[in-house]
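K.L.:
Sending over a structure as structure tokens; questions will come in a sec.
The values are calculated or read from the model by the stated rules, or taken from the named source; none is laboratory data. Predicted model, so just to flag it, every value in this text is computed and none were measured. Positions of Cβ are backbone-derived with ideal geometry, glycine not excepted, and every protein chain shown enters the neighbour counts. Just so you know, the surface numbers come from the protein's heavy atoms only, side chains and all, with ligands and any DNA or RNA stripped out. Shrake-Rupley method; radii C 1.70, N 1.55, O 1.52, S 1.80 Å.
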Amino acid sequence: MIIRIKHAITNKFVWQEPYKFICNGCTFGAQIVQRPICIYFGNSTTSSILFSLVFKNMLIDFDYYRIEFSVMAEEKGYTENEIKEMLYYAEFLNNQNLPIIFDQYHLSRLVGYDYEYLLGAANSLHRFYKHYEIPKKSSGVRNIEEPFPSLKDIQTWILQNILEPASEKYVSPVAKAFIPGMNLRDNARFHRGQKVVVALDLHDFFGSIKFSEVYGIFKKLGYADSVVMMLTILCVYRGSLPQGAPTSPMLSNLMFYDLDEKIYFYCQKRKIRYTRYADDMTFSGDNVDVSRLITYVRMLVGTRHLKLNEKKTKVMTRGCAQRVTGIIVNDKLQVSKAYRDKVRQEVYYCIKYGFADHMKRIELPQWCNTIPVYQHHLLGKINFILQINPKDEVFVKYAKWLKEQMK
């Protein structure tokens, strides 16, 4: 029997034998939960059986899986109790919309890499990351640890197949960052027109989320210890979440779930609004005991070895510009006039002098040293303004012009 697979990464169809997984040292055939679009079981003499796997919703006929699994396991000499335990494990994961992964070898087949390669990456992570710096908005630099393409492929599989489905249950509604369909506007709108807005910042957010906490996340989802260990190693670098890994943002949301819920209920009792956008925590209301609120949050995050960046704590009343993740929320959501004028000036000089001459006249970060990179950087600024005010005709024109220059 052979199967036809459309691979998630290469997007090409290949014919090969069914994947196997190992349980307690023995191997037998099983369901495939790689992120293909469709999997066909069959050959020239038997009818095909179609398993349709969709991005968010795994449509698995578990009754059929149970029967086929039991027959194959029995042929391999497993006892009835062992089969029941393995099926209980598989069904538990499947009911959470999570891929069934029995061990590290099984994981390697699902992500599309040889088991030896997976072990090599896990044991030599320093060879699978590149390091560089980007400037922070305020001052200083941010250290980025970006995985090489192969490790990023594996992490992306983990994100799409495990972390994103898990986020439906284990990410709080107050978390607005890294959620599909959510953006800065969705975070800011909750705090519009309030008497007091309090902004708190978590210091070194990703760097403070350690190996043990990531291990706890995968363990909480119900995976076997060996699988939990491998998943954790693949998502952690130098003992914490790396800034450039695609898995880090969602893992940070999953880690913060309990804290988000506790802070939410604290605020709900006191009629305070609360949202969190990554490491930016925002509170607002008409009657906020600011000192007591900050003391409570500082104490609570401290239980998870997190610290507030006290220098970035802001208390904003109606008499000043109330900013939430860069958006003014006093009356209506808007980008500050100063930022808007600055971007408008950049576009004007690019039109007047051309990109190359304009880039020579201004001070740019080291990484922004080519015209295409600068164009994308400028487009990001324009898109930020349009994200807040999509009907801004001036910047709609700027975006159109810049996209034409980038062709």
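K.L.:
Restricting to region 197-232, give me the number of residues that are in a helix (DSSP H, G or I) and out of contact with any His (no Cβ under 9 Å at 6 or more places or on another chain). Step through it out loud before you land on a result.
P.N.:
The first filter runs over region 197-232 and keeps only residues in a helix (DSSP H, G or I), leaving 206-208, 211-221, 225-232.
Checking which are out of contact with any His (no Cβ under 9 Å at 6 or more places or on another chain) leaves us with 206-207, 211-212, 214-221, 225-226, 228-232.
Adding up the residues that qualify gives 19.
K.L.:
Of all residues in region 227-241 being touching a Leu at 6+ places or on another chain (Cβ under 9 Å) and not hydrophobic (A, V, I, L, M, F, W, C), which is least open to solvent (accessible area, probe 1.4 Å)? Working first, answer last.
P.N.:
Of all residues in region 227-241, those touching a Leu at 6+ places or on another chain (Cβ under 9 Å) come to 227-228, 230-231, 233-238, 241.
Filter once more, keeping what is not hydrophobic (A, V, I, L, M, F, W, C): 237-238.
On the way: 237: 9, 238: 174 Å².
Per the stated criteria, the residue is 237.
K.L.:
Going by the conditions given, is residue 390 farther than 30 Å from residue 266 by Cα, open to solvent by 20 Å² or more (accessible area, probe 1.4 Å) and touching a Pro at 6+ places or on another chain (Cβ under 7 Å)?
P.N.:
Working: farther than 30 Å from residue 266 by Cα: yes; open to solvent by 20 Å² or more (accessible area, probe 1.4 Å): yes; touching a Pro at 6+ places or on another chain (Cβ under 7 Å): no.
In short, no.
K.L.:
Considering only residues that are assigned to a helix (DSSP H, G or I) and open to solvent by less than 70 Å² (accessible area, probe 1.4 Å), which ones fall in region 340-356? Don't jump to the end; show me each part of the working.
P.N.:
First pass over region 340-356, keeping only residues assigned to a helix (DSSP H, G or I): 340-353, 355-356.
Those that are assigned to a helix (DSSP H, G or I) and open to solvent by less than 70 Å² (accessible area, probe 1.4 Å): 340, 341, 343, 346, 347, 350, 355, 356.
K.L.:
Could you pull out the residue among 389, 369 that is under 20 Å from residue 185 (Cα atoms) and among the polar types (S, T, N, Q)?
P.N.:
Working: 369 fails: under 20 Å from residue 185 (Cα atoms).
So the residue among 389, 369 that is under 20 Å from residue 185 (Cα atoms) and among the polar types (S, T, N, Q) is 389.
K.L.:
Now, a different point. Working only within region 308-330, note down all residues that are over 16 Å from residue 283 (Cα atoms) and either touching a residue at least 24 places away in the same chain (Cβ under 8 Å) or assigned to a helix (DSSP H, G or I) (or both).
P.N.:
Of everything in region 308-330, just one residue is over 16 Å from residue 283 (Cα atoms) and either touching a residue at least 24 places away in the same chain (Cβ under 8 Å) or assigned to a helix (DSSP H, G or I) (or both), namely 311.
K.L.:
For region 375-387, give me the residue count where each residue is open to solvent by less than 50 Å² (accessible area, probe 1.4 Å), without any contact (Cβ under 8 Å) to a residue 60 or more places away in the chain and within 21 Å of residue 326 (Cα to Cα).
P.N.:
Of the residues in region 375-387, the ones open to solvent by less than 50 Å² (accessible area, probe 1.4 Å) are 375, 378-382, 384-386.
Next, from what is left, pick out any that are without any contact (Cβ under 8 Å) to a residue 60 or more places away in the chain: 375, 378-382, 385-386.
Those still in the list that are within 21 Å of residue 326 (Cα to Cα) too: 378-382, 385-386.
Selection size over region 375-387: 7.
K.L.:
Same structure again: If residue 305 satisfies all but one of (1) touching a helix residue (DSSP H, G or I) at 6+ places or on another chain (Cβ under 9 Å); (2) open to solvent by less than 60 Å² (accessible area, probe 1.4 Å); (3) assigned to a loop (DSSP other than H, G, I, E, B), what's the number of the condition it fails?
P.N.:
Result: residue 305 passes all but (2).
K.L.:
Can you confirm whether residue 184 is in contact (Cβ under 8 Å) with a residue 24 or more places away in the chain and closer than 24 Å to residue 274 by Cα?
P.N.:
Working: in contact (Cβ under 8 Å) with a residue 24 or more places away in the chain: yes; closer than 24 Å to residue 274 by Cα: yes.
Yes, satisfied.
K.L.:
Taking helices (runs of 4 or more DSSP H) that do not extend beyond region 37-135, which have at least 1 residues that are at pLDDT 85 or above, open to solvent by 20 Å² or more (accessible area, probe 1.4 Å) and within 30 Å of residue 244 (Cα to Cα)?
P.N.:
Working: elements: 62-75, 80-95, 104-111, 115-123.
In region 37-135, the matching helices (runs of 4 or more DSSP H) lie at 80-95, 104-111, 115-123.
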